[in-house]
1. Take the stretch 349-370 and flag every residue that is open to solvent by 20 Å² or more (accessible area, probe 1.4 Å) and polar (S, T, N, Q).
2. If a residue has to be under 25 Å from Ala301 (Cβ atoms) and either open to solvent by 50 Å² or more (accessible area, probe 1.4 Å) or modelled with pLDDT under 95 (or both) to count, how many in the stretch 84-103 make the cut?
3. Can you find a residue in the stretch 560-569 that is free of Cβ contacts under 8 Å to residues at least 40 places away in the same chain, of a type in the set (Gly, Ala, Ser) and open to solvent by less than 10 Å² (accessible area, probe 1.4 Å)?
4. For Gly544, indicate whether it is outside any helix (DSSP H, G or I), touching a Gly at 6+ places or on another chain (Cβ under 9 Å) and surrounded by fewer than 23 Cβ atoms within 10 Å (Cβ to Cβ).
5. Going through Asp534, Asp495 one at a time, which residue ends up being of a type in the set (Asp, Glu) and under 27 Å from Thr342 (Cα atoms)?
6. Can you name the residue in the stretch 332-347 that is modelled with pLDDT of 95 or more and open to solvent by 70 Å² or more (accessible area, probe 1.4 Å) and, of all such residues, is nearest to Asn148 (Cα to Cα)?
7. Within the stretch 277-302, how many residues are hydroxyl-bearing (Ser, Thr, Tyr) and in a loop (DSSP other than H, G, I, E, B)?
8. Give the number of residues within the stretch 371-386 that are within 23 Å of the chain's Cα centre (by Cα) and surrounded by fewer than 19 Cβ atoms within 10 Å (Cβ to Cβ).
Amino acid sequence: MAHPEPGAPAGPLTPADLAALRSLSDPQVSPDGRLRACVVQEPAPEHGEPERSAIWLARGDEPAAPVTSGAGADQTPRISPSGRFLAFTSDREQPGLWRLYIAPLDADGTNEPWKIDGVPGVVEDIVWAADESGLVVLTADEGSDSGNIRGATRFVPPEEAGASFLVRRPATVRRRVHWVRLPSGTVRQVSQDDRTVWEIGWAGQGPLAAVVSADPTESGWYDAELATIDLADATTKIVYTPSWQLQSPAVSPDGRSIAFLEAPQSDRALLAGSLTILDLDTGSVTRPEHEADLTRVRWTADGRLFWLGVASVETACGFFRPGETGWQLDQRWRGLGTLGRTYLTAATCSLDGTTIVAGFQAHNEPPELRQLDQRPGEAPHWRALTSLNTALAGRARVRESVHKWKSFDGIEIEGILLLPENGYETPLPLVVVPHGGPTNATTSVFAAGAHRGDGILLAQAGCAVLLPNPRGSTGRGREFMAANLGDMGGGDLRDLEAGVDSLAAAGIADPARTGIVGISYGGFMSAWAAACSDRFAASIPISGISDWLSFHHTSNLGRFDEIYLDGSPYDPAGPYLDRSPVFHAAKCRTPTLLLHGDADLACPVTQAQEFYQALAAVGCETEFVIYKGAGHGMTEREHVLDVSERILGWFSRHLGFPVPGGTP
């Protein structure tokens, strides 16, 4: 990436700048707060090259620095209780298959890791024993789906990569829990063969908490239960059967309680909802009150609960304190910024609760590992521990604000509005960017938009860009979150239309020059709006859904559509056909550009193929771009640049605004 000469004003962000962004994930803190770690993802790789990441560590007041080589994709950093060792995963030997490594955290910088052989499968999570006698390790059998947060592809076994044919059989791969004894490295499976374990929580001693299901496919997560696993006798006991989905099980230091989150959720690992504390002795539950929809919880040594959550377009964190009259809420920070990544919030604290770290980003503030500091009498602020993306800070020539409007039924909807830095004299072309999920929320991030900052690029080019949180979004409680169950494409589309009308009424946007672009469920909304709304002059569905019936039988998430459509795929009078954009294509006149990866298991590329052919058959202007080897979203540098250029070009042509440097 070219940098401006010293003293020269930096230009606006470009697609190449956004492709060069380094992202952060999985922040971790040692029990004493002295060590803080995270995963640093290198910029989008060149075509055919694997993704690279390394573990970075900050010691005391020193700036963070890499402690692994980044020879592969190093992930899942876990600092030992004493702070002497780092367990992590890496695919340096076989790209796409993560194995277990341990490295000493020597003060002299010698961190040469050793691999723990004998752990079967792909390692997805690690928890240290309190006395460092071993590790609890969660693995996925090779051949398992990776899940949407890892691109909705598969962990392909080496022997399968070169095979001339493939055989699929139901229920042949699972996620399992193993006990790895140290220093010998001996491995023993402690979960049962008839259960798949999706997520674990452990205090380093006593019972292990686990989210489990009998169904090993991605669909099984939607009907999972909470269980305890006895590490000594390798038995599993179901302790709670939820009404919705589960996330973030955390065992109290005394081993007598499990805190966890429950809510409707469309995507595994992205749940935001309400807190429940289960007493394992009595089976009773407590549900402390809170405003934000929580995404993660963890216990501190003194019995408090650290929490992280989404509050409309903001994120927040703090503690629950036990008291005589119940749990008391202590909010440490809330603001228009994101603790973590788009949709995937992430923050944690030390065992004593004094040190809080997160991968923090906000509008015009690119991601950095930061620590929450607060002096007496001052507001808390996020102090940077890294300087990975400083060349991009302040480069977005865009103004950001929170926009609110009343929908068709009087409900207030909120979103983030991006406008050109220099304002406007006449109404602007408008692009609406519905988020994925649908059970997610748009919050303030550096590279805002549907895909790698396209919202920023559009606003810099002279558009208004609305990133709405319609009904069905997180951050406003269970009732709002569940408001589109059985009504996908109904009230939520009308919320978007009302947002367009509100900006037109305010003189900000030109209603005749309005487009829509989104990824995943946002891709469905973009296709649905193209076929069923009169508000949009151009549409770009990315990795979206056009046919719920074929989606049910080809996606790895068939249980999702049953829950969210609230119907049966085998009911010809049900919602599967009525709410599928492809069955409304005959009336579509909206120019539609479809962008899709051919390796996407969540939303298979045939979803775009169906809509493209249906639109072409009725004479609607359409194009279809397939990205080879891409999963649920495009990550290769060439793909990322191409997506940005096509989005700018399509909207420039159909909404009538110039793009600096011309259009593709």
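The values are calculated or read from the model by the stated rules, or taken from the named source; none is laboratory data. From a predicted model like this one, the values you see are computed outputs, not experimental measurements. Cβ: placed from backbone, ideal geometry, glycine included. Neighbour counts: every protein chain shown. Just so you know, the surface numbers come from the protein's heavy atoms only, side chains and all, with ligands and any DNA or RNA stripped out. Shrake-Rupley method; radii C 1.70, N 1.55, O 1.52, S 1.80 Å.
1. Thr354, Asn364
2. Total meeting the criteria: 1.
3. The answer is no; no qualifying residue exists.
4. No: the conditions fail for Gly544.
5. Of the residues listed, the single one that is of a type in the set (Asp, Glu) and under 27 Å from Thr342 (Cα atoms) is Asp495.
6. Only one residue fits best here, namely Arg334.
7. 3
8. Total meeting the criteria: 1.
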